[in-house]
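Please read the structure below before turning to the comments.
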There are 4 protein chains.
Amino acid sequence: MIFAPLPMIVILKPKTSKEQVEEVAREVQKLGYSPHPIFGELQTVIAAVGDERTHHTLESLTVLPQVERVLPVQKRYKLVSRESKSEETVVDVDGIKIGGGNFVIMAGPCSVESEEQLMSTAKAVKARGAKILRGGAYKPRTSPYEFQGLGLEGLRILAAAKQETGLKIITEVLSERDVEHVSDFTDILQVGARNAQNFQLLIECAKSRKPVLLKRGMSERIEEWLLAAEYILSNGNPNVLLCERGIRTFETYTRNTLDLAAVAIAKKESHLPVIVDPSQGCGRADLVPMLCRAAVAIGADGLLIEVHPNPAEALSDGQQQVDFEVFSRLISELDPFLNATKRKLV
Amino acid sequence: MIFAPLPMIVILKPKTSKEQVEEVAREVQKLGYSPHPIFGELQTVIAAVGDERTHHTLESLTVLPQVERVLPVQKRYKLVSRESKSEETVVDVDGIKIGGGNFVIMAGPCSVESEEQLMSTAKAVKARGAKILRGGAYKPRTSPYEFQGLGLEGLRILAAAKQETGLKIITEVLSERDVEHVSDFTDILQVGARNAQNFQLLIECAKSRKPVLLKRGMSERIEEWLLAAEYILSNGNPNVLLCERGIRTFETYTRNTLDLAAVAIAKKESHLPVIVDPSQGCGRADLVPMLCRAAVAIGADGLLIEVHPNPAEALSDGQQQVDFEVFSRLISELDPFLNATKRKLV
Amino acid sequence: MIFAPLPMIVILKPKTSKEQVEEVAREVQKLGYSPHPIFGELQTVIAAVGDERTHHTLESLTVLPQVERVLPVQKRYKLVSRESKSEETVVDVDGIKIGGGNFVIMAGPCSVESEEQLMSTAKAVKARGAKILRGGAYKPRTSPYEFQGLGLEGLRILAAAKQETGLKIITEVLSERDVEHVSDFTDILQVGARNAQNFQLLIECAKSRKPVLLKRGMSERIEEWLLAAEYILSNGNPNVLLCERGIRTFETYTRNTLDLAAVAIAKKESHLPVIVDPSQGCGRADLVPMLCRAAVAIGADGLLIEVHPNPAEALSDGQQQVDFEVFSRLISELDPFLNATKRKLV
Amino acid sequence: MIFAPLPMIVILKPKTSKEQVEEVAREVQKLGYSPHPIFGELQTVIAAVGDERTHHTLESLTVLPQVERVLPVQKRYKLVSRESKSEETVVDVDGIKIGGGNFVIMAGPCSVESEEQLMSTAKAVKARGAKILRGGAYKPRTSPYEFQGLGLEGLRILAAAKQETGLKIITEVLSERDVEHVSDFTDILQVGARNAQNFQLLIECAKSRKPVLLKRGMSERIEEWLLAAEYILSNGNPNVLLCERGIRTFETYTRNTLDLAAVAIAKKESHLPVIVDPSQGCGRADLVPMLCRAAVAIGADGLLIEVHPNPAEALSDGQQQVDFEVFSRLISELDPFLNATKRKLV
């Protein structure tokens, strides 16, 4: 693991005396950095050159009365960055390649509800070009009184669907303790928005060596999202798919605000593939087809779409699941967008 | 002006007595609505049927101790809604038609800085297919010490560019007092995000009868944005272009978070054309081309793009303006997206 | 008007060559600043020393490929800052002093609805210690179909109440054109959240020389709020009262999220008095008394409270107005908090 | 576990035919509820009466073309609500009572860094009235390259400090797997903001039977926060302390926006004690004293304050930790606020 020296900049308050500047410079040195003061007419700044591997942040210096702010200069993510690896990462999911121009459709119900429900959905999405089947066996629900998933039984149903259709499987893991046994049933481990900064879970997923789809947290800044991915890479697992699924804002018309610019930014800053989840992204089935097109247009590497045989009677999040007919139509309409962005459906 | 009866629903607290329910019902009646109580096992709700034209909201009833919440049922916008007019509005800007499948490019500098700057930009954007020239003469700036625009001189330069190139003009109006004289120089009046709920300015723009491009406010919900447009329509001016330009969120990587789902929603809820401003939408020139594609893909009716001969030396917002070369390339790449969404460049 | 040189810092991308650094340095010089490069091991920064009075921001330099970011170092507000005036401003409203330890209660209905309603409220709030009477004559309403205020008739009723009770008047002004005649009837001009960055209105209010109560915008950062106040001071009117009234967040339980830390910050950064509006701040009458106590505890210089004889039947925002009894009790409970923060009720 | 029938309301689109209404009514019935339609002049709503224990949400019905929205009527939290238990819960932490008028000070460093650092802090905070010592042994850090805490060694140092001073201990638990052994060293288990909806961790903490301090998530609505607490209570552990620590907003001056209204609301809606963390709440040591006063004034039951012998050199979050002198002064200034809110320091 290599990463780089981090200069920080310490901004002093106006009218700080020379002695006070020197006091800060000494503190910067004590914390392991080399201080470089620049004297403005009214205000002085101290650039700190050094290596953050062995030393820590200077942000604590803001408690000194003469310090106005401490600004970090370098990006804090390393292994996920384009600086450390310029070519796009292609994640290989048991033969299905994602990224580097390969576009993947992952589809299936929010929750696995029954063998019949999953199997019919698996066949329908496979027929329309999906290569990976999604389905929740363990569901994180806001209320303890909501349907929490079928658990192990759900995993078995997913395995049966894989056996029958040849589709690869993606399913969410909620608990460090489950990572090992969920890994036995799935091809991709999904980490949900509520666990986006559950670092212990991320480390455990890293150890499994399975590809990990890492959703952006509800109020996670792009930098924090990339740093969460850094936890997985720095723990030895390079197979990470970033997933934009909407952020929480003041808007109430949609469940979340899908931040499509974040897809472009993540691809610019990082070499990792980026998947878009339009279902969670807006929480409304009627908007899903249009968001899918926009996601392709902005440069995403895949889609994660919730599909259900009868959304009105789904056990979870029916309002954002599309039925087979809508799914079929939306996929057939993606072609020109894929062509225009030079992506090939795998 | 016609609009419809508005049922509201008053939710009472659990364990409310029959007398307390009746007290609320009487209050509902007093305020002009007909109360319809539904008794649940634990909780009672009262549906209020009536006409909000002559009566007012019941939200004030939440001050009664037995009232839990008051929920509005009907949408509050009328004239802008698809219910009142199902076919798409086509706004005619002195011969340039926008909406109903007609896609328009509006482009030009953030601020008019000089005749040379504007004229060169006008010619460059015209050559690449823009039909409308943007340029700010009056600039709303966060700090009083920033460049505030050339004012009347800016308007004269815009008029000269129109004369020379035949492009139509869009420019921002900041003040009720300016509406009349700005109207003499422009084809579209632009109302910026900071004035998105400056209702007096909206009413004045309505009276001018000029087409109005109404930007969404920085923290305006979609419903509020449509209600702001309702101010213009209900004051007699049907020629409104809605403009999504990003909302304010916790994300700091971009200046704003472009809410592309809002474009799809606005087009679903309303018959008005929707324009996307990718420059303000992210505040970074490097993301503009990708956001343009996504905007077309989601179904926008036009783009408002900031273009400058030399962005590094622009007097305002240089960081989000593209140069002629980038503009030229981004336009040439839009074709497949326009075709796929059945839109025709006007 | 005096203000200070503004050093900015230009952060270059890692691995930028010496020539590329020099190119940026030349551009910095061309834009009027003196460049001071600091070479880190991996990354270089250029400090720009100079005066922003005659030159403009360097933020536009981010369009250069080798530039990562441009960070402003200095605060952009000058006249409102503690640096320019360290002692607290005391605003004198026709003999009522606000700030510098003097705490004021402003109270009254959201809207002036009738002479009877306003007069009874005026007497009630005066009896409990209010010195300033609030009441909206012009109301900015989200929907054009809501009650918009009594206008001139409302102003006349306010004047009558002043005559009768001796209370000073605060009322909102929505339009530049109204500033002059509203000034004839009021002692304080209130600028509402929706007009918080309507700079033309702010400038017009500045010219009136009346004290101005400037509400924070719904999504206005503290820096932007202070810069809006700077518009008033730099146009010659030092009598500004800042008013925190809640910001827009994802929380839906309350109408806004009252940001009490912002009160402490505004008082630290600026010498201007800070008023808290708990009614708008939460949008729920039942929370108003507790928020009033917290506002005093955090160091506010006054309260702006909505009071109505019969909130359930109010023509606007009844849900957030307290009745006379609640108002009376909440005022009587403020004493220990005022004593503990060394504030004296004026 | 007892909870109540949940009526929901299904709002149909305008101009829905009688047949379409009946179709929805049948679907409501099929999903286990009894439908009660109310016909408005333009719009119809169907109230659904029934029991959500055995049936699921109707939100999925929004996928039907004639359904506009589904509105939940009842609150979804039960055991934490004032309806299920009206008197305030007093949490007993090994003899220290919190809630019901008993106010507690919890204080100590962000991270346990060394025996010397913790012991000196423990003695200092005890001398000023703290009864509970905080200190992180396992630290959730945004970047994998930041200090992650001393782990087991940190727990041992906490135990030594408890032995020496008699203070009770609160420390964060990050992982389900750690709950058991962390419980051996601590009196209160702290669940941090990033794990606020890590339901598996909450359930594991519930099983430990230790008191749990549950922080509000960065973008968690109050309803979701209470539902997270519901996970703990419904898993058999009634000893929950809610903790407001600021929410994420667009404001950048502070690290978070402390939502003090949420404290008043949580106490109104729930019988559980509410603690305020002003250090995380704003991320700036200079604001901590003022926020402490406001927290007492709004009705909090305790404070969780970060204190460090030398914040400038702290290994984590130095910028928000106060030193012994500031801590001492801030505590001595709380008395009048405690008296005014009838709270007694335990």
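Annotation for region C:280-346: trypsin sites (Lys or Arg not before Pro) lying in DSSP loop with at most 10 further Cβ atoms inside 10 Å of their Cβ are C:K342.
Sorting A:104-112, B:119-127 by their mean Cβ neighbour count within 10 Å, with the most densely packed peptide first, gives A:104-112, B:119-127.
Enter the mean number of other protein chain beta carbons within 10 Å of the beta carbon of each residue in A:226-232, as an integer.
Details: counts 1, 6, 4, 0, 4, 5, 1.
Counting other chains' Cβ atoms within 10 Å and averaging over A:226-232 gives 3.
In chain D, the portion of solvent-accessible area held by carbon and sulfur atoms comes to 49 percent [1.4 Å probe, whole percent, DNA, RNA and ligands not counted].
Put simply, the amide H of B:V240, placed in the peptide plane, has neighbours under 5 Å in B:V212, leaving out anything fewer than 5 places away on its chain. Heavy-atom accessible area for C:W225, with the other protein chains in place and a 1.4 Å probe, reaches approximately 0 Å². Derived value for region B:233-281: Kirkwood hydrodynamic radius 11.9 Å. Basis is the mean of 1/r over every pair of different alpha-carbon atoms. A label point on B:R329, set 7 Å along the Cα-to-Cβ line, lies at 3.7, 5.7, 6.8 nm from each of its counterparts in the other copies, closest listed first.
Most simply put, region C:97-238 has about 10% antiparallel DSSP beta bridges, counting only bridges with both residues inside it. Given their separation in residues at 0.36 nm each and the Cα-Cα distance between them, D:N310 and D:T165 gain 50.1 nm when the chain is fully extended.
Given R₀ = 45 Å, FRET efficiency for B:E325-A:F39 by Cβ-Cβ distance, to 0.05? Once the sixth-power term is evaluated, E becomes 0.65.
Between this copy and the others, label points of A:L345 are 2.8, 7.0, 7.3 nm apart in ascending order, each placed 7 angstrom from Cα in the Cβ direction. Size descriptors for region C:50-136 (Cα atoms only): Rg and Dmax, in that order, 23.3, 68 Å.
Averaged over peptide A:72-80, the number of partner chain Cβ atoms lying within 10 Å of each residue's Cβ comes to 4. Dividing the Cα radius of gyration of region D:240-346 by its Kirkwood radius returns 0.97 for Rg/Rh. Taken over region D:104-158, the alpha-carbon convex hull comes to 74 cubic angstrom per residue.
Converting phi to 3J(HN,Hα) with the Karplus coefficients 6.51, -1.76 and 1.60 and the offset θ = phi - 60°, region B:59-70 yields 4, 4, 5, 5, 6, 6, x, 8, 9, 7, 7, 10 Hz in sequence order, with x at every glycine or proline. Across region B:159-187, the residues whose backbone nitrogen lies under 18 Å from the label position 7 Å along the beta-carbon direction of B:E153 are B:159-161. In order along region D:282-293, phi translates into HN-Hα couplings of 10, x, 9, 4, 5, 8, 4, x, 5, 5, 4, 4 Hz, rounded to whole numbers, per the Karplus curve 6.51 cos²θ - 1.76 cosθ + 1.60 with θ = phi - 60° and x for Gly and Pro. Among the listed pairs D:K123/D:K210; D:K210/D:K268; A:K215/B:K78; B:K30/B:K78, those whose Cα-Cα separation exceeds 31 Å are A:K215/B:K78.
Report the relative contact order of chain C, percent, no decimals, based on alpha-carbon pairs under 8 angstrom and at least 6 residues apart. If you can, show how the numbers build up before the last one.
On the way: 741 pairs, mean separation 55.4, N = 346.
The value is 16 percent.
Karplus-based coupling profile of region C:131-140, in residue order and whole Hz: 10, 10, 9, 9, x, x, 9, 10, 10, x, with θ = phi - 60° in 6.51 cos²θ - 1.76 cosθ + 1.60 and x standing for Gly or Pro. To the nearest hundred square angstrom, how large is the accessible surface buried between D and A, total for both chains, probe 1.4 angstrom? About 4800 Å² of accessible surface is lost on pairing. Angle, helix D:18-30 long axis vs. longest principal axis of chain D, Cα atoms, 0 to 90°, nearest 10? That works out to roughly 50 degrees.
Run through the DSSP bridge list for the protein assembly as shown and note the antiparallel percent, rounded to the nearest 5.
Numbers: 84 of 200 bridges.
Antiparallel bridges: around 40 percent, rounded to the nearest 5.
Name the shape class, rounded, prolate or oblate, that the alpha-carbon gyration tensor gives for region B:153-296, where a ≥ b ≥ c are the square roots of its eigenvalues, rounded holds for a/c under 1.5, and otherwise prolate holds if a/b is larger than b/c and oblate otherwise. Oblate. Closest approach of a chain A beta carbon to the axis mapping chain A onto chain D (residue, whole Å): A:S219, 2. Remark on region A:235-252: accessible area falls by at least 50 square angstrom from chain-alone to full-complex state for A:R248, A:F250, A:E251, probe 1.4 angstrom.
Counting only other chain Cβ atoms within 10 Å of each residue's Cβ, the peptide A:306-312 averages 3. Where a ≥ b ≥ c are the square roots of the eigenvalues of the C-alpha gyration tensor, would you call the protein assembly as shown rounded, which needs a/c under 1.5, or, failing that, prolate if a/b is larger than b/c, or oblate? The shape class here is rounded.
At a Förster distance of 41 Å, what's the computed FRET efficiency of A:K123 paired with B:R69, Cβ-Cβ distance as r, to 0.05? The formula returns an efficiency of 0.40 here. Counting only protein chain heavy atoms and rolling a 1.4 Å probe, the accessible areas of D:D317, B:D94 rank, largest first, as B:D94, D:D317. Each copy carries B:L152; placing its label point 7 Å along the C-beta direction from Cα gives inter-copy distances of 3.0, 8.2, 8.4 nm, listed from smallest up.
When C:S183, B:S86 are compared by accessible area at a 1.4 angstrom probe, the order from most to least is B:S86, C:S183.
From the helices alone, meaning DSSP H stretches of at least four residues, give me the mean residue ellipticity at 222 nm for the protein assembly as shown, per-run term -39500 (n - 2.57), in deg cm²/dmol to the nearest 500. Write out the running numbers ahead of the final one.
Working: 44 runs with 436 residues, N = 1384.
Roughly -9000 deg cm²/dmol at 222 nm, from the helical runs in the protein assembly as shown.
Which whole-number value in Å³ per residue fits the convex hull of the alpha carbons of chain C? Walk me through the numbers on the way to the answer.
Working: hull volume 53.9 nm³, N = 346.
So the per-residue Cα hull volume is 156 Å³.
Estimated from the Cβ-Cβ distance and a Förster radius of 22 angstrom, the FRET efficiency linking B:K85 and C:H181 is about 0.05.
Of the listed residues C:F39, B:F199, the order by accessible area with a 1.4 Å probe, largest first, is C:F39, B:F199.
In this structure the amide hydrogen of A:Q190, modeled in the peptide plane, comes within under 5 Å of the amide hydrogens of A:T171, A:E172, A:V173, A:L213, none closer than 5 places in sequence on its chain.
Accessible area per residue for region A:286-331, computed on protein heavy atoms with a 1.4 Å probe, is 21 Å².
Here region B:11-26 and region A:83-104 have alpha carbon centers that stand 61 Å from each other. Heavy-atom accessible surface of region B:207-261, averaged per residue, reaches 22 Å², computed with a 1.4 Å probe.
The values are calculated or read from the model by the stated rules, or taken from the named source; none is laboratory data. It should be emphasised that the depicted structure is a prediction, and the values quoted were computed from it without experimental measurement. Glycine also receives a Cβ, built like all others from the backbone with ideal geometry; neighbour counts cover every protein chain displayed. With ligands, DNA and RNA removed, areas are computed over all heavy atoms of the protein, side chains included. Shrake-Rupley method; radii C 1.70, N 1.55, O 1.52, S 1.80 Å.
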